[in-house]
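S.K.: Dropping the structure in here first, questions after.
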Amino acid sequence: MDVATLRQQLNGQAPAMVYVVLGTQGILQQQARDAFMGLIPEAERVMNVGSYDMETTPLATAIDDAMSAPFFGERRLVLINKPYFLTGSPAKVKVNHDLDALKSYLEHPEPSTVLVLMAPYEKLDNRKGLVKELKKVAVEVSAAPLSEQDARHQVEQQLLSDGYRLANGAMDELVRRTNADYGLMMANLKKLELLAYQTKQISQGDVIGLVPQSLDENVFDLITAVLKRDQAQALDIYQQLLETNHEPLQLNALLVGQFRLLIQIKVLSSRGLSQGTLASRLKVHPYRVKIGMQTARRFQMNDLVRAYLGLICCEKALKTTARDPELLFQLFMLQFAKKAG
């Protein structure tokens, strides 16, 4: 289930005994945590809520707490944070965890305890016996990054709940400037609502004025200028990015990565792969694939490859010489435009 469904269920019926909140979207992880905290009256939280970080605290400590009776309350809430031992990633910390204790608990959960494993990961390792046992018992809540459509819907619902509405073009601008990242969209809502406090309507101009354009979006604008061979605009954007404390090597690496992505999208989309399939295969947000597909369709593969190889050469020069980064980028633009002719 998603976090919105979780909140509805917790408000309307008794909670399950075990949950796992799985996904990398930080704001959804926090919303799920807040929903579980709402199960315990504020006056009882000191005694009946336990939160344990598995990177610093032994699992047995959390399980002991989960097995305890609530103190002058109806139920106890125990949050197990960062249970990395459920993933396939190697351990980065040296904490001794009694995994058998969790397995035994899952066989006989404490009825008066709500045990929640907050797993900020893309996936668990389904080959592990403990994960298999967990999935038999636990209710899984998704905190995976939202699609563009779902992010739009959630933001619209939040604004409606707060008594605000968006003017034409405002949502599109917000999506563009945040790369459809739900966390970034929600993070900017409060200041947009504050600006529109009297009118209760958020305009496209409000979004342009208050929401900074994401680095990815700036890089895509730069890529478009490069491919159009618009040297003045490309150099202007490049200079602006340097002035906002982006290191030349970091910026060049981003450009290389984006051109690589465009080439991959160009190749794979020509084979009939859908936007969703491309996002899954390339492990990038669907919105980035959407923008990438729009860009890749407008330009030839030869241009994408030439720009990619030119930026690789630029990266080598940045690492091996002391030449001015802006001059190196200008030379790259001149060479790219010259080859086109």
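The values are calculated or read from the model by the stated rules, or taken from the named source; none is laboratory data. Keep in mind it's a predicted model, so treat the numbers as computed, not measured. When we count neighbours, we look across all protein chains shown, and the Cβ atoms used for this are built from the backbone with ideal geometry, even at glycine. These accessible areas exclude ligands, DNA and RNA; they are computed on the full protein's heavy atoms, side chains included. Shrake-Rupley method; radii C 1.70, N 1.55, O 1.52, S 1.80 Å.
S.K.: Taking Kirkwood radius over Cα pairs in Å straight from the coordinates, which label in (1) 22.4; (2) 23.4; (3) 20.7 is the correct one?
M.R.: Label (2) holds the value from this structure.
S.K.: Counting Lys +1, Arg +1, Asp -1, Glu -1, what net charge surrounds Leu210 among other residues with beta carbon under 10 Å of its beta carbon?
M.R.: Working: positive: Arg177, Lys191; negative: Asp206.
Counting the neighbours of Leu210, the net charge comes to +1.
S.K.: Could you list, in their original order, any pairs among Lys94/Lys319; Lys94/Lys316; Lys123/Lys319; Lys228/Lys283; Lys132/Lys283 whose Cα atoms are separated by more than 31 Å? Could you put the intermediate results ahead of the total?
M.R.: Details: Lys94/Lys319 37 Å; Lys94/Lys316 39 Å; Lys123/Lys319 37 Å; Lys228/Lys283 28 Å; Lys132/Lys283 25 Å.
Correct reply: Lys94/Lys319; Lys94/Lys316; Lys123/Lys319.
S.K.: Now, a different point. At most 13 other C-beta atoms within 10 Å and a DSSP loop state: those are the exposed chymotrypsin sites (Phe, Trp or Tyr not before Pro) I care about. Give me the longest piece of the chain that has none.
M.R.: Working: sites that count: Phe71, Phe72, Tyr197.
In the chain, the maximal stretch lacking such sites is 198-341.
S.K.: In debye, nearest 20: dipole of segment 277-320 around its Cα centre with unit charges on the Cβ of K, R (+) and D, E (-)?
M.R.: Numbers: 9 positive and 2 negative charges, 31 e Å.
In debye, rounded to 20, segment 277-320 gives about 140.
S.K.: Grab the other residues whose beta carbon is less than 13 angstrom from that of Cys314, score K and R as +1, D and E as -1, and report the net.
M.R.: On the way: positive: Arg306, Lys316, Lys319, Arg323; negative: Glu315, Asp324, Glu326.
Charge balance near Cys314 sits at +1.
S.K.: Then there's this: Using DSSP H assignments, which helices in the chain have an axial alpha-carbon span of 24 Å or above and a mean Kyte-Doolittle hydropathy of -1.0 or higher? Numbers along the way, then the final one.
M.R.: Working: long enough: 248-269 (31 Å, 1.06); 301-320 (29 Å, 0.46).
Length and hydropathy pass: 248-269, 301-320.
S.K.: Calculate, in nm to one decimal, what Leu249 and Lys316 gain on full extension: separation in residues at 0.36 nm each, minus their alpha carbon distance. Intermediate values should be presented prior to the final figure.
M.R.: Working: separation 67, 0.36 × 67 = 24.12 nm, distance 0.96 nm.
That pair, Leu249 and Lys316, stretches by 23.2 nm at full extension.
S.K.: Top mean-square fluctuation among Arg281, Arg165, Arg260, Gaussian network model of the chain, C-alpha springs under 10 Å?
M.R.: Arg281
S.K.: Could you work out how much longer the chain between Asn11 and Asp98 gets when fully extended? Use 0.36 nm per residue separation minus the Cα distance between them, nm to one decimal.
M.R.: Values: separation 87, 0.36 × 87 = 31.32 nm, distance 3.36 nm.
Fully extending the segment from Asn11 to Asp98 adds 28.0 nm.
S.K.: How charged is the neighbourhood of Pro286? Take every other residue with its Cβ under 13 Å from the Cβ of Pro286, and add Lys/Arg as +1 and Asp/Glu as -1. Show your work: numbers first, answer last.
M.R.: Details: positive: Arg152, Arg281, Lys283, Arg288, Lys290; negative: Glu148, Asp150, Asp181.
Net charge in that neighbourhood comes out at +2.
S.K.: Determine the share of the chain's accessible area contributed by carbon and sulfur atoms, expressed in whole percent, with a 1.4 angstrom probe.
M.R.: Values: 8940 of 17830 Å².
Ligands and nucleic acids excluded, carbon and sulfur reach 50 percent.
S.K.: Using a Gaussian network model on the chain with a 10 Å cutoff between Cα atoms, which of Gln198, Gln264, Gln240 fluctuates the most?
M.R.: It is Gln198.
S.K.: Accessible area per residue for segment 46-92 in Å², computed with a 1.4 Å probe and the full protein assembly in place, what is it? Display every interim value, and only then the final one.
M.R.: On the way: 2330 Å² over 47 residues.
I get 50 Å² per residue for this part.
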